[in-house]
Each structure stands twice: as C-alpha cells, then as structure tokens.
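Visitor: The structure's right below; bear with me while I get my questions together.
Please treat every number below as a calculation from the coordinates, not as lab data. Being a predicted model, the structure only gives us computed values, none of them experimental. All Cβ positions, even for glycine, are placed from backbone atoms using ideal geometry, and neighbour counts span all protein chains on display.
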Amino acid sequence: MSEVNRSFNWVSSLDKQNFNDLNRLQKDLVSFYKINDNYYTDIDFTSNYWSDNRQLLYTDIKKAILNSTKVIEVGCGSANCLLDENINKSNYTGIDFSEILIKNNKIKFPEASFVYLDDPYSFPFDNEKFDLVFSVFVIEHTVFPNKFLDECSRILRTNGTLIVLSPDFLGCSYLTSQRTGLGIGTGREKLKKGRIFDALLTGYDNKIRMPIKMHLMRKLIKKNTKFFINLKPTCFTDPFTPDVDAVYIAYESEIKNYLNNRIRWIKLSKELEYFAKKNKLIFAKGIKVKH
C-alpha cells in the first residue's frame, strides 16, 4: 500500500468511475482482517456496555431483542448481547466474517445460530426472514454502504425493526481513519514529544480543514446520496486502534434518506437523542413498511 498522507482521498461509492478503486480497497480490507488475528479482540471494547444501564442505546437495543422472536445481528463480533440471561438465545442469529470467531461463538452460545459471512453484501437468508435486524459499529466499515443497507432491508419482515448504530463521522466532522498532521498521534501527544509544528498542523486539520471539507460534503449530500468512502484509511500504515479501518464517512440523514421508501423512521426520545448526540453517534431506528 502507498503511504497515507494528509490528502482527503474520499470518493462516492455510488459513482461508477470509482468502482476499481473501491473494489481494490475492499480486497485490501479483506486481507487486512485475515492477517490481523487479534482484530476482533482489539475491537471488543464495548463488551461491558450491554450490561451497563447507563449505555442507553445498548439498553434500547436489548429491549428490541427481548420483544422480537427472530433476531439477527449483522457483524455480531463476540455476540456480547447474549451474555444477558433474559435474552432467548434460540431467537438469535449472528453473522460475521471470521470463521474462528463464528466457531467460538457456537461453543459459547450453543442455543444461538451463527453463520460465517464471506460476502458482506449478500446475506445467506431468504427475504423477510427476521423481525429485528440490527448492527452495532458495522456500517462505517463497509465500502458499499448502500448494498449493506439493501441487504438489511431485504431480510427484514414487513413491520419489523431495523437499528443501525455507528459513529456520526460526517455529522460531527471527524474521521478516525484519516491522517491529520504529518505523523501518527493526536495534537496533544505530539506536543508532549516536542513536535510543535506537527501538533499545530494536526490541530489545523482537525479544527479547520476537515470541518470545512465535510461541510461542503454535507451540502452535496442534500442534493444526491453519495456514501463517501475514505480510500486511504490509516489501518494500512499505522498501529491498530479502533476505527482506523472505518472507511464509510457515516452520516445519519444519508442513511435514513436512502431507506426512506422502505423504512419509517422512529423519532427517538429526548433522552436517547441527547445521548447519541453527546457521544457523536448515529442511532437510526425504524419500521419496515409494506410496499
């Protein structure tokens, strides 16, 4: 891979002229995940959130799970929601890209169903099979978010619930997989190391340059859906930290507008809305309508 620089290598995944670059990125990400055996352990930092009542979004998802009879978690990871003894594990299906992870989940939760997924944009299930489809910090890792949303909608029953939880990158004008400054690290870390110019440049990128760029992107999305993708995520060059492999610059209104003719979006309570906004998160929840 070429060295990551400060350039904004962001393109629309719906523009056909970008397909070669996007497909190359998809292959590189597949290789990245295969090489990094500890990836799923490294990203499992939210495992305790499912049992923490202060984590309101997770609590809301658990309520939806308890009120559903056929549940699928897309990108299930270690399926930590099943640690809750109140959840009927026989109602749950989890899909993910690691064969080892899926095998371990089957041993840990034998009553649940787990399926290895080799194509992120083709789920091996019939139409309208589930009454709850949810994903937690998954869509931002997809090169073709539209295809991901299409599949989530396809396998969801009419009147079933869809929940998408992800970082609100574009809405909050930040991106964890984008190089800011000349090297690795935050502005504060660089200052401590005496890298004053790099620290100032990092601050400029994060506080001025990136917000201006993203403001212009939001204006473009108001006219047409774009699904902007970062072609040069820092996961290929930097030590791993959560979300340096996030490629979709997630934006709530874009996700909702794309599915508007299929999903009736639920207005969140003020408490949930405040919690999501405070934590720079997207929490899109809706009901599939009958065509």
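Visitor: Under 5 Å between amide hydrogens, which residues at least 5 positions from residue 263 or on another chain qualify, with H placed 1.01 Å from N in the peptide plane?
Guide: Those lying under 5 Å, H to H, from residue 263 are 289.
Visitor: Same structure again: For region 31-91, with only Lys/Arg (+1) and Asp/Glu (-1) charged at the beta-carbon, what is the dipole magnitude about the Cα centre, in debye rounded to 20? Could the numbers behind the result be given before it?
Guide: Details: 6 positive and 8 negative charges, 49 e Å.
It comes to approximately 240 debye.
Visitor: Please report, in whole Å, how far the alpha carbons of the chain spread along each principal axis, starting with the longest.
Guide: 56, 42, 40
Visitor: Provide the packing ranking of 251-262, 226-237, i.e. peptides ordered by the mean count of other C-beta atoms within 10 Å per residue, highest first. Please list the in-between numbers first.
Guide: Values: 251-262: 17.9, 226-237: 22.0.
So the order, starting with the most tightly packed, is 226-237, 251-262.
Visitor: A follow-up question, please. In deg cm²/dmol, rounded to 500, what helix-only [θ] at 222 nm does the chain give when every DSSP H run of at least 4 residues adds -39500 (n - 2.57) and the total is split over its residues?
Guide: The helix contribution divided over the chain gives -10000 deg cm²/dmol.
Visitor: Another question, then. Taking the Cα-to-Cβ direction at residue 215 and at residue 104 and moving 7 Å from each Cα, how far apart do the two end points lie in nm?
Guide: 4.5
Visitor: Using unit Cβ charges (K, R positive; D, E negative) and no other charged atoms, how large, in debye to the nearest 20, is the dipole of region 160-204 about its Cα centre? Intermediate values should be presented prior to the final figure.
Guide: Working: 6 positive and 3 negative charges, 62 e Å.
Dipole size: approximately 300 debye.
Visitor: Turning to a different aspect of this structure: Using Cα positions and a limit of under 16 Å, work out the lysines in reach of residue 106, with same-chain residues fewer than 8 apart set aside.
Guide: Reachable lysines: 89.
Visitor: How far is helix 210-223 tilted off the main Cα axis of the chain, in degrees rounded to 10, range 0 to 90?
Guide: On a 0 to 90 degree scale, this one is about 50.
Visitor: While we're here: Pairing the Cα long axis of helix 145-154 with the longest principal axis of the chain, what angle in degrees results, from 0 to 90 and rounded to the nearest 10?
Guide: Result, in degrees: 10.
Visitor: Across region 91-227, how large is the tail of the calculated P(r) beyond 26 Å, expressed as a percent of all Cα pairs? Display every interim value, and only then the final one.
Guide: On the way: 4206 of 9316 pairs.
Taking all Cα-Cα pairs of region 91-227, the fraction more than 26 Å apart is 45 percent.
Visitor: Using only Cα atoms and rounding to the nearest 10 degrees, what angle (0 to 90) does helix 56-66 make with the longest principal axis of the chain?
Guide: Approximately 30 degrees, to the nearest ten.
Visitor: Now a separate question. Multiply the residue gap between residue 121 and residue 188 by 0.36 nm, knock off their C-alpha separation, and tell me the result in nm, one decimal place.
Guide: 20.2 nm
Visitor: Rounding to the nearest 20 debye, state how big the charge dipole of region 181-237 is about its Cα centre with +1 on each Lys and Arg Cβ and -1 on each Asp and Glu Cβ.
Guide: Working: 14 positive and 3 negative charges, 57 e Å.
Using only the charged Cβ atoms, the result is roughly 280 debye.
Visitor: Once you have the Cα-Cα distance between residue 35 and residue 291, take 0.36 nm times their residue separation minus that, and quote the gain in nm to one decimal. Kindly include the intermediate steps, with their values, before the conclusion.
Guide: Working: separation 256, 0.36 × 256 = 92.16 nm, distance 4.28 nm.
Contour length minus Cα-Cα distance gives 87.9 nm.
Visitor: Can you give the relative contact order of region 55-206 as a percent, counting alpha carbon pairs under 8 Å and 6+ residues apart?
Guide: Numbers: 212 pairs, mean separation 27.2, N = 152.
Taking the mean separation of contacting Cα pairs over the length of region 55-206, I get 18 percent.
Visitor: Taking the Cα centre of each part, how many Å lie between region 99-164 and region 217-235?
Guide: Centre-to-centre (Cα) distance: 24 Å.
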